[in-house]
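Enquirer: Structure in structure tokens, see below.
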Amino acid sequence: MDLKLKGQRALITGGTKGIGRAIADLLADEGCNVAICARNAEEVDAAVKALTAKGVTAFGQSVDVGDGDALKAWVAASAAALGGVDILVSNVSGGNAPGEAGWRANFEYDVIHLVWLSPVPPVRNQDDRCSQTDSSKVRNVSKAGSRTTSASRNKAKAMAQFIFCWE
């Protein structure tokens with residue numbers, strides 16, 4: 001499939017496993033340069049190596065998206081490494097722990113990290129590293145509430161198609 005992604009720059013939180021990794025792989029297969037983050041540094045390094053092998057620029061860091069300062073620093077470092085940001089996929093979820101404490105933790109990861117990312121202030125407002133083309137819209141897609149299944153790649157394809165249909 002040709003989603004016309006060649007040269008676009010995408011940031012994907014939780015990009016080492018499951019749906020996030022499937023999205024990163026699909027975007028890289030389409031020629032999109034990608035930046036990923038996740039908590040496990042070894043998994044980030046392995047994923048970046050695999051994504052780079054696809055012939056795109058790939059960048060990654062170990063980040064807990066619950067730490068707003070660390071998340072903002074990753075966005076800025078990713079924008080610098082890729083030369084800007086065109087696509088943002090906020091893939092991380094806080095899990096499904098029981099009770100109010102679990103709900104609050106889930107809210108912090110699913111919603112608050114998205115607030116910290118939108119509209120990617122370190123990139124768009126301060127540094128203005130987005131490309132100066134008609135396609136330089138930051139598209140933000142969240143998969144909060146999704147579950148990883150054997151159909152992760154199909155879900156990733158559907159999300160990628162959604163990214164470019166939604167303006």
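Enquirer: Quick one: which of 59-67, 29-37, 84-92 comes out on top by average Cβ neighbours within 10 Å, and what's the full order, highest first?
Expert: Taking the mean over residues of other Cβ atoms within 10 Å, the ranking is 84-92, 29-37, 59-67.
Enquirer: Run the simple label-point estimate for residue 50 and residue 107 please: 7 Å along Cα→C-beta, distance reported in nm.
Expert: Here the modelled spin labels are 3.5 nm apart.
Rule-based calculations on the coordinates, nothing more; no lab input. Worth saying up front: this structure is predicted, and the values here are computed from it rather than measured. Ideal geometry is used to build each Cβ from the backbone, glycine not excepted, and the neighbour counts take in all protein chains shown.
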